[in-house]
Amino acid sequence: MQSIDYAGMFPPCSLALEPALRNQAKYIRSDDAWMLNTFVLSVIQFDSAKQLLPQFDPLHPLRVAALGPKTANADALLEAVEKADTAIRWLSSNVDLVSISHLEMFLPHNIDLASLEEARSLLGDLPVFWEAPPDRAQQTIALLAKHNSDADLPTFGYKLRSGGVTADAFPSSAQIAEALVTPATHQLPIKFTAGLHHPFGQFRDEVKTKMHGFLNVLGAAVLAAEHRWDAHQTSIMLEDENPDSFSFTDKFFAWREWKISMERLQYRRKFVASFGSCSFDEPREDLRTLGLL
C-alpha cells in the first residue's frame, strides 16, 4: 500500500514537469491509487509546479516528496536545507491542493551529529530521508539513529539508491542486504530510489546488468526485521528470481517458509517506506502479468 513514489521526471523516463504532473493527476484518480505514494519533485521546480496545481482537487491533492539539491559539505547542506524549508512552506500554503510528505537530500561525507541537529532545527518535524552510497550505509544509519534517539520526534531516515541507468549504479545484493539489516536493528525508516521497476530481479539489456526486484527488496526489508535475519540470509531472498517463492494472502506475506502476518506487516511498513520509480505503469503491468494484481 502506497509503495511507489512516482518520479516521472527522472531517468530513464525523463518527462517534462507538465506531462509528469498530468500523469500523477490521472494515477491518483485510478483504481490503483492505493499503490501510489508521492510525486517526487525537486525544490527548484516548486514555482513551476504551483502553476499546475488546478488539475488537483481537495479529494485528489498533490502529495509531494521534496527533493533537495546535492551538496558537497556541511555548510552548503545547511544553506540548502534552509532554502528548501522556505520553498516547502511556500508551496504548502495551498493546503487544499498540495502537501509535503517528506524531504529527501544527499548527505555529504563530513556530516556530524551537530550538523544533523542544526538541520532538524531548521526543518521542524518534517520527515527527512538522507541518501548516502551503499559503502557508507552502516555509518550513515548509525549516525541517523543516534540523532533520532536524542530527538523528540525520530523523523530522520535513510535513502538507498538501488540502481540507475548504467550497470555501475546498481549496488550488489550484499550491499543492499547490509543496508536492510542495519536500520532494522535501529528501527530506522528506510526508502529506496531508482532501478526497482520490476517485481523480481532480472537481467535487463538496457542497463547491461541485473536489476533488483521491488518485491525482493521491500519483502526482504520487512522479513529481515521481523525474523532478525543476518545479511547473508537477506541476500538469499534478494537474489531469488522465482515468483513461486513468494506468497500473498489476506492474512500473511511469505517468502519460502518465512512469513509475516498482515498486522505485523503494517507495523513493519512504518520503517520500510517506499521506492521511487520513473514509471508507475511498469510495476503494475508486471504484477498483472504475474497474476499478483
Spatial separation of Cα centroids for region 217-293 and region 130-169, in angstrom: 20 Å
Accessible area (Å², per residue) of the chain, counting only protein heavy atoms and a probe of 1.4 Å: 46 Å²
Charge dipole magnitude, Cβ of K and R +1, D and E -1 - region 200-289, Cα centre, debye nearest 20: 420 debye
Fraction of antiparallel bridges per DSSP, region 1-151 only, in percent to nearest 5: 5 percent
Cut-off under 5 Å, modelled amide H: who pairs with SER42 long-range: LEU67
Sulfur and carbon atoms: percent of accessible area, region 1-130 [1.4 Å]: 55 percent
Which of GLU282, GLU82 is most accessible, then next, and so on - probe 1.4 Å: GLU82, GLU282
Convex hull per residue volume in Å³, alpha carbons only, for region 157-279: 96 Å³
Subset of LYS26/LYS208; LYS50/LYS210; LYS70/LYS208; LYS50/LYS146; LYS50/LYS251 violating a 30 Å alpha-carbon distance limit: LYS26/LYS208; LYS50/LYS210; LYS50/LYS146; LYS50/LYS251
Amide N of region 31-54 lying under 15 Å from the label point, which is placed 7 angstrom from the Cα of THR86 along Cα→Cβ: 43-47
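With every protein chain kept in the model, how would you rank LYS270, LYS210, LYS159 by accessible area, 1.4 Å probe, largest at the top?
Of LYS270, LYS210, LYS159, the descending order of accessible area is LYS270, LYS210, LYS159.
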At 1.002 mPa s and 20 °C, Stokes diffusion of the chain via Kirkwood alpha-carbon radius, µm² per second: 110 µm²/s
Whether region 91-184 is rounded, prolate or oblate, judged on the alpha carbon gyration tensor where a/c under 1.5 counts as rounded: oblate
Top positive-direction residue, dipole computed over region 134-293 with Cβ charges, set THR193, GLY213, MET237: THR193
Sorted largest first, extent of region 44-127 alpha carbons per principal axis (Å): 42, 22, 15
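Of all DSSP beta bridges located in the chain, what percent are antiparallel, nearest 5?
About 25 percent, rounded to the nearest 5.
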Residue-averaged [θ]222 nm for the chain, counting only DSSP H segments that reach four residues, each worth -39500 (n - 2.57): -11500 deg cm²/dmol
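So how much slack lies between MET262 and HIS60, counting 0.36 nm per residue of separation and subtracting their Cα-Cα distance, in nm?
Details: separation 202, 0.36 × 202 = 72.72 nm, distance 2.70 nm.
The MET262-HIS60 span can extend by a further 70.0 nm.
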Enclosed volume per residue, in Å³, of the convex hull spanned by Cα atoms of region 15-70: 85 Å³
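The values are calculated or read from the model by the stated rules, or taken from the named source; none is laboratory data. All of these numbers come straight from a predicted model, not from anything done at the bench. When we count neighbours, we look across all protein chains shown, and the Cβ atoms used for this are built from the backbone with ideal geometry, even at glycine. In case anyone asks, the SASA skips ligands and DNA or RNA and just uses the protein heavy atoms, side chains included. Shrake-Rupley method; radii C 1.70, N 1.55, O 1.52, S 1.80 Å.
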